[in-house]
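The values are calculated or read from the model by the stated rules, or taken from the named source; none is laboratory data. For clarity, every value in this text was computed on a predicted model and none was experimentally measured. Every residue, glycine as well, gets a Cβ built from its backbone with ideal geometry; the counts of neighbours run over all protein chains shown. Each accessible area value is taken on the protein alone, full model and side chains, heavy atoms only, with ligands, DNA and RNA left out. Shrake-Rupley method; radii C 1.70, N 1.55, O 1.52, S 1.80 Å.
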Amino acid sequence: MNKKLLGALVAAGVVAVATYAMYQAGGERLALLDEKIETIRVSKSTGLGLNNEESVVAIEKEEQVAVLEAALRNARLQSGVLPEATPDYDLMVEYQNGLPSHPLHLWLGEEGEEALVTYTVNYEEVYKISAKDADEIRKVIR
């Protein structure tokens, strides 16, 4: 089995386990690993279930990573339907120590609006980011 495929399968497994653990614990928040985030890569999305690997920007400054991390960790599971529009961005949350990454889709919308985020591999669950947190994300990635 090639290394890329194996890495993708491991990443999908980590996301599935983290999501299941949050579900079992009654959590309604987006689950990320309890590890230090090294980089968040941002790219224009090419569609649901896909991850555009051509990043537009790599967020590496600790204070900028902290803004995005806080917004993602504060995102709450919402009831409702997945937006019909293609996500605005794909995010790749990369951890230190070579741990598997979290691929995400982000619908950022316009200033003052709430944003939505899903896992790339499990986009049936949609998480809402507050308008305040979404505006902070906009400042960092635009």
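A search for C-beta distances below 7 Å between a residue of the stretch 114-142 that is at negative phi and any residue that is open to solvent by 40 Å² or more (accessible area, probe 1.4 Å) and part of a strand (DSSP E or B), counting only pairs 6+ apart in sequence or on different chains, returns E114/K128; L116/K128; E125/L77; Y127/R76; Y127/L77; K128/R76; I141/V57. Listed conditions (1) surrounded by 13 or more Cβ atoms within 10 Å (Cβ to Cβ); (2) at pLDDT 95 or above are all met by S101, apart from (2). Scanning the stretch 62-72 for residues that are open to solvent by 20 Å² or more (accessible area, probe 1.4 Å) and either within 20 Å of V121 (Cβ to Cβ) or free of Cβ contacts under 8 Å to residues at least 60 places away in the same chain (or both) yields E62, E63, A66, E69. Within the stretch 74-125, the set of residues being aliphatic (A, V, I, L, M), part of a loop (DSSP other than H, G, I, E, B) and within 15 Å of I40 (Cβ to Cβ) comprises A75, L99, L108. Conditions first: (1) touching a helix residue (DSSP H, G or I) at 6+ places or on another chain (Cβ under 8 Å); (2) modelled with pLDDT under 95. Q64 passes all but one, so which condition is the exception? So Q64 meets the others, but not (2). A single entry from K132, K128 fulfils the requirement of being open to solvent by 70 Å² or more (accessible area, probe 1.4 Å) and in a strand (DSSP E or B): K128. Select from the stretch 104-119 the residues that are under 11 Å from the mean Cα position of the chain (by Cα) and open to solvent by 10 Å² or more (accessible area, probe 1.4 Å) and list them in ascending order. If the condition is that a residue be under 11 Å from the mean Cα position of the chain (by Cα) and open to solvent by 10 Å² or more (accessible area, probe 1.4 Å), then W107, L116 are the ones that fit. Taken over the stretch 73-93, the criterion of being surrounded by 18 or more Cβ atoms within 10 Å (Cβ to Cβ) and farther than 17 Å from E28 by Cβ is satisfied by P87, Y89, D90, L91, M92, V93. Looking only at residues in the stretch 26-56 that are outside any loop (DSSP other than H, G, I, E, B) and in contact with a helix residue (DSSP H, G or I) (Cβ under 6 Å, 6 or more places away or on another chain), which one is farthest from E94 (Cα to Cα)? So, considering only residues that are outside any loop (DSSP other than H, G, I, E, B) and in contact with a helix residue (DSSP H, G or I) (Cβ under 6 Å, 6 or more places away or on another chain), the one farthest from E94 (Cα to Cα) is V42. Annotation note: Cβ proximity below 7 Å between a residue of the stretch 32-61 that is at positive phi and a residue that is open to solvent by less than 70 Å² (accessible area, probe 1.4 Å) (sequence gap 6+ or interchain) occurs for G49/T120.
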